[in-house]
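Single-structure report; data block below.
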Amino acid sequence: MTTAPPDGIQRLHVACVHCNAVNRLPSERRADDPICARCAKPLLDGRVATLTDADFDAIVSRTELPTLVDFWAPWCGPCRAMAPQLERAAATLKGDVRVAKLNSDESLRLAQRYELRTIPTIILFERGQPRRRHSGALQASEIVQFARRA
């Protein structure tokens, strides 16, 4: 939940992908390479985070920034081809959208929950809820456009 304390500074809750701690981050500082208050690792570094069954819900539902998750598998050629594009998109979206990937072969429960029929599939989550999805490989510019579309 975005909080506005008496000082008037809007703060976002951002869950750390390294330790799962929820951090309160001033909105205007989200592109300034913030670090986690608990583990001192980067919160929003413009890189693709790796999620698992164990931390998916904790990260996606407790982060107020939109989270774009790429459901992929190591044997999938289009998934592997899209990986560098996802990295470029993550750098472009730094501070605005958290970008993550989840191996659907290792996370069958989540693949079933989100009714994945094909990979790669990207799903944009807002406050833990899926808002839109796309199946098939995309270029970095298309991923950015998908994530920013209102």
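The values are calculated or read from the model by the stated rules, or taken from the named source; none is laboratory data. Just so it is clear, the structure is predicted and the values come from calculations on it, not from any experiment. Don't worry about glycine lacking a Cβ; one is built from the backbone with ideal geometry, like all the others, and counts go over all protein chains shown. Ligands, DNA and RNA are stripped out before the accessible areas are found, and what is left, the full protein with its side chains, is counted by its heavy atoms. Shrake-Rupley method; radii C 1.70, N 1.55, O 1.52, S 1.80 Å.
Miscellaneous remarks
- Residues considered: Leu43, Leu68, Leu51. Of these, the only one that is within 12 Å of the chain's Cα centre (by Cα) and over 19 Å from Thr118 (Cα atoms) is Leu43.
- Cross-chain or 6+ apart pairs with Cβ under 8 Å, the range 2-20 first and modelled with pLDDT under 75, then in a loop (DSSP other than H, G, I, E, B) and of a type in the set (S, T, N, Q): Thr2/Gln10; Thr3/Gln10; Ala4/Gln10
- Unmet criterion (only one of (1) part of a helix (DSSP H, G or I); (2) modelled with pLDDT under 95) for Arg117: (1)
- Residue under evaluation Arg98, criteria (1) surrounded by fewer than 20 Cβ atoms within 10 Å (Cβ to Cβ); (2) over 15 Å from Cys79 (Cα atoms); (3) not aromatic (Phe, Trp, Tyr), criterion not met: (1)
- Condition check for Leu43 on (1) touching a Cys at 6+ places or on another chain (Cβ under 8 Å); (2) crowded, with 20+ Cβ neighbours inside 10 Å; (3) farther than 23 Å from Ala21 by Cα: one failure, at (3).
- Thr118 vs. criteria β-branched (Val, Ile, Thr) and loosely packed, with under 14 Cβ neighbours inside 10 Å: yes
- Of everything in the range 12-37 that is in contact with a Ser or Thr (Cβ under 7 Å, 6 or more places away or on another chain) and closer than 14 Å to Gly95 by Cβ, the residue that is most open to solvent (accessible area, probe 1.4 Å) is Leu12.
- Residues of the range 61-82 satisfying the condition of being part of a strand (DSSP E or B) and open to solvent by 10 Å² or more (accessible area, probe 1.4 Å): Trp72
- Within the range 120-150, the set of residues being closer than 23 Å to Glu64 by Cα and assigned to a loop (DSSP other than H, G, I, E, B) comprises Arg127, Gly128, Arg149, Ala150.
- Positions within the range 90-123 being touching a residue at least 24 places away in the same chain (Cβ under 8 Å) and farther than 22 Å from Ala54 by Cβ, in sequence order: Ala91, Thr92, Leu93, Lys94, Gly95, Asp96, Val97
- Filter result for Ala89 (surrounded by 19 or more Cβ atoms within 10 Å (Cβ to Cβ), part of a helix (DSSP H, G or I) and among the small types (Gly, Ala, Ser)): yes
- Conditions (1) at pLDDT below 95; (2) in contact with a strand residue (DSSP E or B) (Cβ under 9 Å, 6 or more places away or on another chain); (3) hydrophobic (A, V, I, L, M, F, W, C); number of the one not met by Val99: (1)
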